[in-house]
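Accompanying notes for the structure given below.
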Amino acid sequence: MKDATPQAIYLSDYTPPAWLIDDVHLTFRLSPTATRVLSRITFRPNPETTDRRFLLHGENLKLISARIDGTEVSPEVTDEGLTCDTPQKAFVWEAEVEISPETNTALEGLYMSNGMYCTQCEAQGFRKITYYPDRPDVMATFTVRIEGSAKETPILLSNGNPVGLGDDWAEWHDPWPKPAYLFALVAGDLIKHPGSFTTMSGKEVELNIWVRPGDENKCAFGMDALKRSMKWDEDVYGREYDLDIFNIVAVDDFNMGAMENKGLNIFNSSAVLASPETSTDANFERIEAIIAHEYFHNWTGNRITCRDWFQLCLKEGLTVFRDQQFTGDMRSHAVKRISDVLSLRARQFREDNGPLSHPVRPESFVEINNFYTATVYEKGAEVIRMLKTLVGDDAYSKALDLYFERHDGDAATIEDWLKVFEDTTGRDLNQFKRWYSQSGTPRLSVNTHFSDGTYRLDFKQETQPTPGQETKLPQVIPIAVGLLSPNGDEVVPTTVLEMTESEQSFSFDGLASEPIPSILREFSAPVILTRQSTNVERAFLLAHDTDPFNKWESGRALAKDILAQMITKGTSPSGDYLDALAAVLRDDTLDPAFRALAMSLPGQDDLAQTLFEAGATPDPTKIYRAHQTLKQSIAQHLQDTWPRVIAEMDVPGPYSPDAEAAGKRALQGIALAYLTRIDAGAAAARQYEQADNMTQQLGALGALLSIEKGATELSAFREQWKDDRLVMDKWFGLQVSHAAPENAASIARTLTEDPAFDWKNPNRFRAVIGALSMNPAGFHDPTGASYALVADWLIRLDPINPQTTARMTTAFETWRRYDVDRQDLIREELRRIARSDGLSRDTGEMVGRILGE
Ligand code: BES
Ligand code: ZN
């Protein structure tokens with residue numbers, strides 16, 4: 001396969017760096033189109049290799065001068081970097097380059113956002129700032145001097161601790177060796193929201209959230225989340241913060257959610273700014289999780305970093321797992337697990353069962369930015385969760401202590417990670433390691449037998465071959481199982497079965513009668529479980545399972561089965577199902593947030609995937625109609641209950657984003673959406689008028705748009721929020737996500753013609769184009785209008801911002817599921833993108849992989 005993609009980079013080709021660095025000194029003379037970057041770097045030969053080639057990465061840099069040990073040199077410069085003759089022993093490299101932050105629209109390297117200078121260096125952006133060995137296994141301490149203007153850039157920030165400050169300059173020193181991808185610089189007219197934290201050993205840390213003037217009243221929640229994250233990492237992982245200061249900066253133009261630069265985290269403003277009037281409960285929860293995630297990287301990512309980018313899951317999978325644990329502790333473990341599995345199935349299963357399928361640790365890439373995927377992140381976190389399930393909580397804790405002790409300061413690998421578990425537990429993890437190297441979602445099927453008081457579960461696992469991985473070996477699957485008696489008692493509490501063979505049986509004896517099994521509790525492994533089960537049994541588990549995940553899962557399986565019947569056979573929803581749903585809705589012993597999840601139907605894309613798996617060709621229009629019909633039936637069946645639920649879930653007093661209040665509003669929002677289908681929007685219009693928080697305001701507006709009403713509210717909303725960029729993103733997005741299929745493309749097109757459609761801003765671009773690609777029936781409009789609109793805009797964005805463009809091509813990753821007409825339309829659009837002039841490497845790689853051509 002090596003020749004198919006000539007510019008690809010392979011894990012197997014890893015070689016250690018020829019030269020190592022102890023310290024780096026950088027001076028920035030800021031100017032929008034001609035920033036000068038001066039570097040002074042001491043290189044020394046790496047004793048672990050005899051390779052002495054000197055290669056520095058560099059892109060879009062104007063080299064002004066270069067010196068070695070004080071003598072001017074003339075390096076050989078290419079588009080990707082430079083080479084130069086050097087002494088064979090330690091030497092000092094000095095260079096001066098010029099860069100243009102203002103014209104850097106890719107938002108990678110040093111760029112400008114609303115007059116503010118900021119950087120994004122992960123994965124390979126530092127090479128757009130200066131010549132450097134831009135690879136994570138080269139770690140150094142950094143001293144950074146920033147020279148700005150007292151008027152334009154009064155605030156000058158970089159990593160580490162401040163060591164000097166003047167009117168128009170500042171100096172920072174980061175004592176912890178780090179790779180270049182963790183470098184950051186921010187300069188601008190910023191206001192701080194201050195805070196402080198006393199660490200477990202009694203050290204006081206200064207905390208700041210820096211924002212543009214006008215946003216300072218949206219920082220309190222983020223600050224609180226930061227303090228809770230710092231405390232949690234001490235309590236749960238024994239990890240203390242290690243600098244005098246921790247800064248967070250909010251920027252409006254950012255490709256991702258946020259970035260963990262050492263001591264200077266940079267956030268997309270949507271991932272940190274929050275206020276009750278402008279942010280939904282979901283926004284608050286996401287902000288809390290992202291703040292935690294980036295903070296947790298201080299240990300899992302920064303103190304211990306990755307040897308090379310193939311090891312990305314070492315930091316991302318682990319840090320996602322840690323942020324999931326944190327959210328579970330802050331809110332509800334059951335609700336968090338269900339939400340995580342929903343996201344895993346919607347994003348990772350979708351990816352792993354299509355043309356972009358790749359292992360948690362990929363073996364090759366063309367553009368590393370294309371591998372910040374649901375597989376690396378979410379399946380990466382699942383793999384760690386399984387490891388913890390297999391070894392147990394105590395051993396997990398010991399292994400993590402050993403990991404931090406043994407690898408602090410290292411650029412580590414997955415092998416290092418697994419070794420600490422082997423050394424802690426004495427287990428052989430060779431088979432477990434297949435989770436990192438084999439792609440695809442394993443299918444787990446089970447048959448059950450009962451005789452003479454013995455209950456037997458016969459499991460079988462299979463993983464589809466994928467290109468390059470024609471044969472797959474059995475993986476270790478932890479299967480958490482509990483058994484219930486027909487009267488609903490738990491006769492066998494949760495037991496973890498460890499499956500290692502392709503086919504394997506497990507027995508339980510001494511049972512009085514045939515039990516009802518609850519399999520894969522807590523979703524103990526990222527697999528697709530298939531089991532011949534009846535709707536009676538599903539309804540039983542929905543009512544009686546003691547495992548909240550499987551309780552929810554049974555309801556979901558029931559809904560999926562009913563929707564599948566409606567789509568393929570045109571049946572109507574059964575009364576039993578509606579009654580089971582009613583019982584959950586009315587069960588006051590259940591957490592409202594759980595009830596909200598149980599009341600939401602399986603998504604249309606999930607149904608499409610499920611039908612496809614079952615050998616059918618999903619029709620997005622039919623799926624949409626079945627969804628509508630089922631929603632209407634539920635709305636009518638429970639019509640008397642909705643007003644009661646809406647009243648009962650009302651949270652008195654001023655808005656608070658806490659989990660309990662948010663759970664009530666979630667259930668209230670669902671009740672309102674159903675009621676809107678039978679009261680022609682009367683209650684929603686009322687709620688819109690009265691709402692004092694964004695959750696209820698947006699919920700009401702969405703409910704109205706779903707029944708093609710709400711025009712007045714929509715313009716009032718715009719008028720009210722026209723000066724708030726983040727709320728305007730919601731205004732754009734909601735119209736597209738709630739559009740009826742036949743209108744989606746034209747609504748989206750009209751919005752792209754709106755003067756406020758600032759398409760160079762990734763949040764705004766995603767609000768319209770991203771939302772269209774996620775409105776399933778609207779995107780798959782049989783005329784192909786949405787495909788064409790999305791493709792047009794991707795072609796337009798690519799030269800400006802390849803990273804965001806490439807990411808959004810995944811809209812098309814499911815194309816093989818659909819009928820030939822749709823396949824032809826999509827193939828044409830993908831080929832049109834592939835043919836566009838000067839297509840980026842990022843987008844080129846993605847489109848090529850999706851097409852499989
Ligand atoms: N390290 C990443 C940010 C990043 C991703 C930089 C890709 C460069 C390229 C950061 O830690 C991260 O993972 N952010 C996530 C949010 C997180 C909660 C999963 C993001 O930005 O979406
Ligand atoms: Zn991360």
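Taking the 0 to 90 degree range and rounding to the nearest ten, how far is the long axis of helix 785-797 tilted relative to the main principal axis of the chain, both from C-alpha atoms?
Taking Cα atoms only, the helix is inclined about 10 degrees.
How would the stretch 235-331 be classified by its alpha-carbon gyration tensor: rounded, prolate or oblate, with rounded meaning a/c under 1.5 and the a/b versus b/c comparison settling the rest?
Here the stretch 235-331 falls in the prolate category.
Hand me the GluC sites (Glu not before Pro) from the stretch 453-543 located in a DSSP loop with no more than 16 other Cβ atoms within 10 Å, in residue order please.
Glu470, Glu501
Treating only the Cα positions of the stretch 1-189 as identical point scatterers, give the base-10 log of I(q)/I(0) from the Debye formula at each q in 0.09, 0.11, 0.15 Å⁻¹.
-0.33, -0.49, -0.90
Can you show me the helix-derived [θ] at 222 nm for the chain, built from DSSP H runs with n ≥ 4 at -39,500 (n - 2.57) apiece and divided by the number of residues, rounded to the nearest 500.
Theoretical 222 nm ellipticity from helices: -12000 deg cm²/dmol.
I'd like the per residue volume of the convex hull spanned by the Cα atoms of the stretch 659-764, given in cubic angstrom. Display every interim value, and only then the final one.
Details: hull volume 11.9 nm³, N = 106.
Dividing the Cα hull volume of the stretch 659-764 by its residue count gives 112 Å³.
Can you give me the P(r) profile for the chain? Cα pairs, bins 10 angstrom wide beginning at 0, each as a whole percent.
Computed distribution, short to long bins: 2, 12, 21, 26, 21, 12, 4, 1, 0.
Which three lengths, in whole Å and largest first, does the stretch 708-809 cover when its Cα atoms are put on their principal axes?
Largest first, the stretch 708-809 extends 34, 30, 18 Å along its Cα principal axes.
Specify whether the C-alpha gyration tensor of the stretch 569-851 places it in the rounded, prolate or oblate class, a ≥ b ≥ c being the square roots of the eigenvalues: rounded for a/c under 1.5, otherwise prolate if a/b is larger than b/c and oblate if not.
oblate
Looking at the square roots a ≥ b ≥ c of the eigenvalues of the Cα gyration tensor of the stretch 757-823, which shape do they give, rounded for a/c under 1.5, prolate if a/b is larger than b/c, or oblate? Don't skip to the end; give the middle numbers.
Numbers: a/c = 2.21, a/b = 1.82, b/c = 1.22.
Since a/c reaches 1.5 and a/b is larger than b/c, the shape of the stretch 757-823 is classed as prolate.
With the alpha-carbon atoms as the only input, what is the per residue convex hull volume for the stretch 567-641 in Å³?
98 Å³
Suppose all protein chains stay in the model; what accessible area per residue would a 1.4 Å probe give for the chain, in Å²?
On the way: 32860 Å² over 853 residues.
With the other protein chains kept in place, the chain gives 39 Å² per residue.
Can you pull a Stokes-Einstein diffusion coefficient for the stretch 384-518 at 4 °C (1.567 mPa s), Rh from Kirkwood over Cα pairs, as a whole number of µm²/s?
76 µm²/s
Could you give the Stokes-Einstein D for the stretch 157-227 in µm² per second, using the C-alpha Kirkwood radius, 4 °C, 1.567 mPa s?
For the chosen part, D equals 92 µm²/s.
Please arrange Met139, Met499 by accessible surface area, largest first, computed with a 1.4 Å probe and ligands excluded.
Final ranking, largest accessible area leading: Met139, Met499.
Against the longest alpha carbon principal axis of the chain, how many degrees, from 0 to 90 and to the nearest 10, is the axis of helix 575-586 turned?
Helix 575-586 and the main axis of the chain meet at about 60 degrees.
Rounding to the nearest 10 and keeping the result within 0 to 90°, find how far the Cα-based axis of helix 659-679 lies from the longest principal axis of the chain.
Roughly 50 degrees between the two axes.
Jot down the per residue volume, in cubic angstrom and as a whole number, of the convex hull over the alpha-carbon atoms of the stretch 443-550.
In the stretch 443-550, the Cα convex hull volume per residue is 100 Å³.
The values are calculated or read from the model by the stated rules, or taken from the named source; none is laboratory data. All values reported here derive from a predicted model rather than from experimental measurement. Cβ: placed from backbone, ideal geometry, glycine included. Neighbour counts: every protein chain shown. Surface areas here come from the heavy atoms of the whole protein model, side chains and all, with no ligands, DNA or RNA. Shrake-Rupley method; radii C 1.70, N 1.55, O 1.52, S 1.80 Å.
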